[in-house]
1. If each of Asp392 and Lys117 carries a label point 7 Å out from its Cα toward its Cβ, how far apart are those two points in nm?
2. Summing -39500 (n - 2.57) over the DSSP H runs of n ≥ 4 in the chain and dividing by its residue number, what mean residue ellipticity at 222 nm do you reach, to the nearest 500 deg cm²/dmol?
3. Would you give the gap between the C-alpha center of region 1-36 and the C-alpha center of region 187-234, rounded to a whole Å?
4. Which order do Cys373, Cys378 take by accessible area at a 1.4 Å probe, largest first?
5. Please list, or write none, the aspartates and glutamates whose alpha carbon is within less than 12 Å of the alpha carbon of Lys117, excluding same-chain residues fewer than 8 places away.
6. With everything on Cα atoms, drop me the angle between helix 425-447 and the longest principal axis of the chain, reported from 0 to 90° to the nearest 10.
7. Accessible surface of Trp438 in the full protein assembly, 1.4 angstrom probe, to the nearest 10 Å²?
8. Along the Cα-to-Cβ line of His317, 7 Å from the Cα, sits a label point; which residues in region 354-380 have backbone N less than 16 Å from it?
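The values are calculated or read from the model by the stated rules, or taken from the named source; none is laboratory data. All values reported here derive from a predicted model rather than from experimental measurement. Every residue, glycine among them, receives a Cβ derived from its backbone with ideal geometry; neighbour counts consider all protein chains shown. The protein model used for the area step is the full one, side chains on, heavy atoms only, and it has no ligands, DNA or RNA in it. Shrake-Rupley method; radii C 1.70, N 1.55, O 1.52, S 1.80 Å.
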Amino acid sequence: MEFFFRPRSVAVIGASHHPGKIGYQILKNILSFGYSGKVYPVNPKGGEILGKKVYKSVDEVPGDVDLAVVAVPAKFVPDVLEACGRKGVKGVAIISSGFREVGNEELEERIVSIAKKYGMRILGPNIFGVAYVPERLNATFGPEKIKAGKIALISQSGALGIALMGWTQTEEIGLSAIVSVGNKADVSDEDLLDFFAKDENTKVIVIYMEGVHDGRAFMDAVRRNPKPIVVIKAGRSERGAKAASSHTGSLAGSDLVYSGAFEQVGVIRARTVRDAFVLARALAELPEPRGENAVIITNGGGIGVLATDAAETEGVHLYDGPDLAAFREAMPSFGSFRNPVDITGMADPSMYVKALEIAQENPKIHSIALLYCETAVCDPVELAEGIKRTYDGRKPLVVAMVGGEKTEEAIRRLNEAGIPAYDSPEDAIRALGGIYLWKKFRKKRSAARTPRTDRSPCRG
């Protein structure tokens, strides 16, 4: 799979001279994102696009081509694949739609057969492209910029995948890779899971999934993978399953079957897209807790109650030992050292920092949720800087900040420092719950790990 993510050269077949066309946007993204390999635009009209010479066919390209990105009408794809095969192209990302998702199974089978004949791999068809941030490769027609990070995103939906690219940029969520899989005629979730299992730049894998072709193979691939996998499974309802089938030709299957399979092999199921990245951000940044005891530190009773409710829902155990009395050093006389520890609305940044120090030094406390409601007494940006200076990284720490514009800046600074911060107490506790769930799943996964036996090019 290396040539999809670390190609030495890329040909854009169907590169367009018109800025409004997909073939133009893909070429522009490759060039502007900073890819350092060779780039070959291909279009029968020839000429020049974005300062690059255009070749009339892939046969005319002077050098080797590792990756071909194909953006031509579906009916021309077989001929393009034949040319790629003769050229020795290793991987083909087929942007074109009009295959199994619209009932044209014969055409899809034909392109798979051609790829198999030449030993090529196919990503797609019916995709928006592939990006690998460490190599500065953005071969998609989505947003040009991608923030670097540790999360790999695999999406079966093109439009949603593009939207998520933009959303992660807005939310400043870092990604290592983005892969659109579409119809999954050849390259499957299993192939990608195997690649990211060994990818040193990826710590967490997020999948938007409508269905899988081979459930057993998917489960085996998960068992082989030592990293957290978060899945947004669409098609939960009967009508949703039908919509998934018409979208990418997927067999969505029974939602109960998927839930049972995920539980069996240790996949964390996200409730929503937002939930997936709430979990992924924490899983990418935080250490595994050594024990089950969590403490909530807050300056507001209401936000503490919401977090307590969330802790019960998420299976986060709140510690109640007598040594919580040590938190009296971080609060006025009318504060409460019960868990949640309420250092009151009068708390300034120094009180929060002291409370964090106490929690970090207590060996019976294994994880920390720090919650803040904006007050005139405590500046959230100053608090964020204090947290950054004080947090030692030994225990999982999640932060929730609820308030105005300054809390947004504080959240941004914490996330930039690798401390997961959210704008609601429920999200913070959900993230902490995800850390504990992964601890349980990791043990289950390592006990059931299986080797892969099928390594043949192009599944067919």
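1. 6.6
2. Dividing the helical sum by the residues of the chain leaves -12000 deg cm²/dmol.
3. So the two Cα centres are separated by 25 Å.
4. Cys373, Cys378
5. Leaving aside aspartates and glutamates fewer than 8 places away in the same chain, those within reach of Lys117 are Glu82.
6. It works out to around 60 degrees.
7. Ignoring ligands and nucleic acids, Trp438 comes out at about 30 Å².
8. What the label zone holds, given the 16 Å backbone N cut-off, is 363-368.
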